[in-house]
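Worksheet for the structure shown next.
The values are calculated or read from the model by the stated rules, or taken from the named source; none is laboratory data. From a predicted model like this one, the values you see are computed outputs, not experimental measurements. Here the Cβ is made from the backbone with ideal geometry for all residues, glycine too, and neighbour counts use every protein chain on show. All accessible areas refer to the heavy atoms of the entire protein, side chains included, with ligands and DNA or RNA removed. Shrake-Rupley method; radii C 1.70, N 1.55, O 1.52, S 1.80 Å.
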Amino acid sequence: MTSTTSRRRLAGQCYCGAVQYDVADEFVYALNCHCSNCRRTTGSAFKPFAGIERHKFRVTAGEGARLIYGDEAATHDAHCSRCGSLLYSVVREGHWIHVPLGTLLDDPSIRPSAHMFVGSKAPWYEITDNLPQHQGHIGGG
């Protein structure tokens, strides 16, 4: 028997709404990444994201309004070409999607479980929660 949560789909979109997606509420992991690339692409102190198998994610509107940064056939970031929002990242040899949690319209059942790349976090930001902190990459992310 499949649980209700595993059949639930979450909606997400960019700031202007030109690109929309849905994703299964079946994320395998969620983390807060403090690496300099995630900070630059989000314009924030860190990127809270959740990881899921690529086939459980789909763009539902505005496919042509995406700006792909990287190798479209493999790993890349997808932004809205109109407003610039980071919508998702294709990672792990193209088999997984990292969804920035801030682009979700619905509340996912998962929450970030740790901070990663705290060794390169913004010097002006202080982590004040009790989540585990890892200096670099950790499994799943």
Would you confirm whether any residue within the range 15-28 is within 13 Å of the chain's Cα centre (by Cα), surrounded by fewer than 15 Cβ atoms within 10 Å (Cβ to Cβ) and under 30 Å from Thr128 (Cβ atoms)? yes
Evaluate the following for Ala45: is it at pLDDT 95 or above, under 27 Å from Asp129 (Cα atoms) and surrounded by 21 or more Cβ atoms within 10 Å (Cβ to Cβ)? no
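Touching a strand residue (DSSP E or B) at 6+ places or on another chain (Cβ under 7 Å), closer than 21 Å to Phe57 by Cα and not small (Gly, Ala, Ser), is that true of Val118?
Working: touching a strand residue (DSSP E or B) at 6+ places or on another chain (Cβ under 7 Å): yes; closer than 21 Å to Phe57 by Cα: no; not small (Gly, Ala, Ser): yes.
So Val118 does not fit the description; no.
Residues checked against (1) within 22 Å of Arg8 (Cα to Cα); (2) touching a Gly at 6+ places or on another chain (Cβ under 8 Å); (3) open to solvent by 40 Å² or more (accessible area, probe 1.4 Å); (4) at pLDDT 95 or above:
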position: Val59; (1), (2), (3), (4): yes, no, no, yes
position: Ile68; (1), (2), (3), (4): no, no, yes, no
position: His95; (1), (2), (3), (4): yes, no, yes, no
position: Leu101; (1), (2), (3), (4): yes, no, no, yes
position: Ser109; (1), (2), (3), (4): yes, no, yes, yes
position: Lys121; (1), (2), (3), (4): no, no, yes, yes
Condition first: of a type in the set (Ser, Thr, Tyr), without any contact (Cβ under 8 Å) to a residue 40 or more places away in the chain and within 15 Å of Lys47 (Cβ to Cβ). Now tell me which residues in the range 58-107 satisfy that. Tyr69
Can we say Ile127 is aliphatic (A, V, I, L, M), open to solvent by less than 60 Å² (accessible area, probe 1.4 Å), out of contact with any Phe, Trp or Tyr (no Cβ under 8 Å at 6 or more places or on another chain) and farther than 30 Å from Arg7 by Cβ? yes
